[in-house]
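Below: the structure, in structure tokens.
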Amino acid sequence: MSSPESTRDKILHLVAEHYREAHKSRPFVPGNTRIHYAGRVFDEQELIAAVNACLDFWLTDGPNTAAFEQGLADYVGVRSAVAVNSGSSANLIAMATLCSNQLEHPLEPGDEVITPAVGFPTTVAPIVQNRLIPVFVDCRLGTYNLNPAHLEPALSSRTRGIFLAHTMGIPAEMTAIVEFAHAHRLFIVEDACDALGSTIGGRMVGTFGELSTLSFYPAHHMTTGEGGAVLTDDPMLARISRSLRDWGRDCQCTYDSPPDGACGRRFEWHIPGFDEPYDHRYLFTEIGYNLKMTDIQTAIGLAQLAKLPEFIAKRKENFSRLQAGLKQYEEFLILPTWPTEADPSWFALPITVRPSAPFARADMIAWLEGRNVETRLLFAGNIIRQPGFRDIEHRAVGNLANADLIMRAAFFIGVFPGLDDDRIAYVLEAFADFFRSLD
């Protein structure tokens, strides 16, 4: 007679068999096989984890989520990780947290936040959505990160924070940024969605600011499909972030809390001005959202987190090979650079076609795409030229000339772990063929 345990074992054995039958790798055919810039890298472990969670039928956050949050916090080296349903939601929660009235000096509508003009829209959107004013500064060519020399000109009496990204996995120049922020009592939020595992000065990105964010979209360093996290060392900020994620509820009880709450007095809480005790689970101290991850996603995340060091090592290896192979074309291309004390965990390899080159970005992209080498532009480019952001209230420091050049001439190619030696060699040959075609 079978038991639930033996039935589960049979199911999971079949899941592994299904993976081997349905997801086996196909041979690379040069010119025919699409070389993606990114993609999910997984094996039977992720499928087993997801099915195992389904068999437990945890439909929202549960034990896997608690373990995943702890694993993330331990990996990055922070006290708390709050799992959310996307990196974009993580950015929204981080900015909203700093606007909470539970803080002694929260951000207020009309306050200014310095941010790079080049990046992904969801770094800027939460500033606008929280009725704050973005102040755009230009980036450095090569690193595509905020240029610290522009921080002082960006400063005003209303400046309260810096919201920066570590673009393409290249760490921003955090020593100068942190010194400036401390001198002027500014909050720092790090968008580390491109940069999980990057370090600068031996310190992990995501540990410099009051808050930082991660994304687990399939293009990123590890994936849960959709998913993200807010990271912090500050217990109060962690509490507020978790409340904002969970409808604005004050109660911090978890899936395994007893019926009368972790505090033991769940039904004895008081709302100011209301004379009857109230259930703490329905006491709301923030105007929040429901942005939780599911236990199925975090089960996949735990399997991916175990492979993260291997993924990062492969990204670095692929980047090194591509960077070395493209170096001969630096007369025409601006290749990535990074601070000497940095060790990037690469998201991708960014390239900018020099204005003096005898070809345009469109020519190079068309050539690569025609040979099945996938490319992407460097996100929004100069974001204030994008239709959705053109009319927002903002300030800009200088003419953002580098941001405009990036919008006209930059793109990136992949370095993700799904690229093997044959694919890397094919990409380099595609570039070589392009330059030979110019003769």
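The numbers here are math on the coordinates, done by the rules we state, and not lab data. This is a predicted model, so every value here is computed, not measured. Because the Cβ atoms are built from the backbone with ideal geometry, glycine has one as well, and the counts that use them run over all protein chains shown.
Brief remarks on what is shown
- Helical runs assigned H by DSSP (4 residues or longer) give the chain a calculated mean residue ellipticity at 222 nm of -11500 deg cm²/dmol, each run adding -39500 (n - 2.57) before division by the residue total.
- Comparing M236, M168, M95 in a Gaussian network model of the chain (Cα springs below 10 Å), the most mobile by mean-square fluctuation is M236.
- One way to sum up the overall shape of segment 51-296 is the equivalent ellipsoid from its Cα gyration tensor, whose semi-axes run 32, 23, 14 Å, largest first.
- Packing-based exposure ordering (other Cβ within 10 Å, fewest first) of E190, E276: E276, E190
- Placing +1 on the Cβ of every Lys and Arg and -1 on the Cβ of every Asp and Glu, with no other charges, gives the chain a dipole of roughly 880 debye about its Cα centre.
- Exposure proxy order (Cβ contacts within 10 Å, fewest to most) of C54, C253, C193, C139: C54, C253, C139, C193
- Enclosed volume per residue, in Å³, of the convex hull spanned by Cα atoms of segment 308-437: 152
- Computed over the chain with a Gaussian network model linking Cα atoms closer than 10 Å, the most mobile of L419, L14, L214 is L14.
- Taking segment 51-296 and dividing mean pair separation by its residue count, relative contact order in percent (alpha carbons under 8 Å, at least six apart): 25
- Less than 5 angstrom separates the built amide H of D61 from those of D295, all sequence-distant by 5 or more or on a different chain.
- Positive-pole candidate from V29, S212, F57, dipole of the chain, charges at beta carbon: V29
- Based on Cα atoms of segment 145-291, Rg over Rh with Rh as the Kirkwood radius reads 1.08.
- The chain shape via C-alpha gyration tensor axes, a/c threshold 1.5: oblate
- Here each label is just a point 7 Å from Cα along the line to Cβ, and for V15 and D43 those points are 1.6 nm apart.
- Lysines whose Cα lies under 21 Å from that of K316, excluding same-chain neighbours fewer than 8 positions away: K307, K327
- Contact order relative to length of the chain, as percent, for alpha carbon pairs under 8 angstrom and 6 or more apart: 23
- When R160, R321 are arranged by Cβ crowding within 10 Å, least crowded first, meaning fewest neighbours, the order is R321, R160.
- Residue-by-residue Karplus 3J(HN,Hα) for segment 433-439, coefficients 6.51, -1.76, 1.60, Hz, glycine and proline x: 4, 4, 5, 5, 5, 7, 5
- For segment 57-105, average projected area of the Cα convex hull in nm²: 4.6
- For segment 199-285, the convex hull spanned by the alpha carbon atoms encloses 129 Å³ per residue.
- Put a dot 7 Å past the Cα of T33, heading toward its Cβ, do the same for R79, and the two dots end up 4.8 nm apart.
- For G209, residues with placed amide H under 5 Å, excluding near neighbours: E190
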